[in-house]
Amino acid sequence: MLRIKKDDRVMVTTGKDKGKVGVVLRVFPRTNQAVVQSINVIKKAKRRTQKDQQAGFVNLEMPIHLSNLMLVDKKNNQPTRFKISIMKDGSKERLSVNSGEAI
C-alpha cells in the first residue's frame, strides 16, 4: 500500500517550501516522488511551437520526494503519522495516529 496517494492533502516537512500544504496531483511509485499543487514550482522558458503559439516563462510543479511529505489530518488540519488497519473484508485503511479517524 502506498504511503501517499493522489488527492491526499499533504504538508511539506523540509526544503524551501517547508510548512506549505497542497493536494497531490500525481504519484511516481518507482522513484518515490509526487507532484503537489503549488509546491516546488520552477520557472521554465518555453519556446513558441506550432502547437503552442504563446511563448515565454511557464511555472511548472516539479516532483518532490515522498519522505519530505506528511499527510494532513482532516479533523485538526495538522500533519500526522498514520497506521494501516486491515478491515474484516480484507481491505486496508489508513488511520491517523492523532485522531484515529480514516484519512
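Put one equal scatterer on each alpha carbon of the range 1-72, apply the Debye formula with no solvent term, and list log10 I(q)/I(0) at q = 0.15 1/Å to two decimals.
Debye output, listed in q order: -0.53.
I need the peptides 79-92, 55-68 ranked by packing, meaning the mean over residues of other C-beta atoms within 10 angstrom, with the highest value on top. Let's see the in-between values first.
Working: 79-92: 10.6, 55-68: 13.6.
Ranked from most to least packed, the peptides come out as 55-68, 79-92.
Taking the Cβ-Cβ separation of LEU2 and VAL23 as r and a Förster radius of 22 Å, what is the calculated FRET efficiency to the nearest 0.05? Walk me through the numbers on the way to the answer.
Values: r = 16 Å, r/R0 = 0.71.
For LEU2 and VAL23, the calculated efficiency is 0.90.
Please list 3J(HN,Hα) in residue order for the range 14-19, calculated via the Karplus relation 6.51 cos²θ - 1.76 cosθ + 1.60 where θ = phi - 60°; whole Hz, with x for glycine and proline.
9, x, 5, 9, 4, x
Can you work out ³J(HN,Hα) from phi for every residue in the range 27-41, in order, using Karplus 6.51 cos²θ - 1.76 cosθ + 1.60 and θ = phi - 60°, giving whole Hz and x for Gly and Pro?
Coupling constants for the range 27-41: 10, 10, x, 5, 9, 6, 10, 9, 9, 10, 4, 6, 10, 6, 8 Hz.
In this model, which of LYS18/LYS74; LYS6/LYS74; LYS18/LYS75; LYS5/LYS46; LYS43/LYS74; LYS16/LYS43 are farther than 24 Å apart at the alpha-carbon?
On the way: LYS18/LYS74 19 Å; LYS6/LYS74 16 Å; LYS18/LYS75 21 Å; LYS5/LYS46 30 Å; LYS43/LYS74 32 Å; LYS16/LYS43 15 Å.
LYS5/LYS46; LYS43/LYS74, as the Cα separations exceed 24 Å there.
Can you list the HN-Hα couplings for the range 89-97, worked out from phi with the Karplus curve (6.51, -1.76, 1.60; θ = phi - 60°), rounded to whole Hz and with x for Gly and Pro?
Karplus-based 3J(HN,Hα) across the range 89-97 equals 7, x, 7, 9, 9, 8, 10, 6, 6 Hz.
Hey, if you put +1 on the Cβ of every Lys and Arg and -1 on every Asp and Glu Cβ in the chain, which of SER67, VAL35, VAL24 ends up farthest toward the positive end of that dipole?
VAL35
Any read-out appearing in this document is the output of simple, stated calculations on the displayed coordinates, not a laboratory observation. The shown structure was predicted, so the numbers you read here are calculated from the model rather than taken from an experiment. Cβ atoms come from the backbone with ideal geometry, glycine included; neighbour counts cover every protein chain shown.
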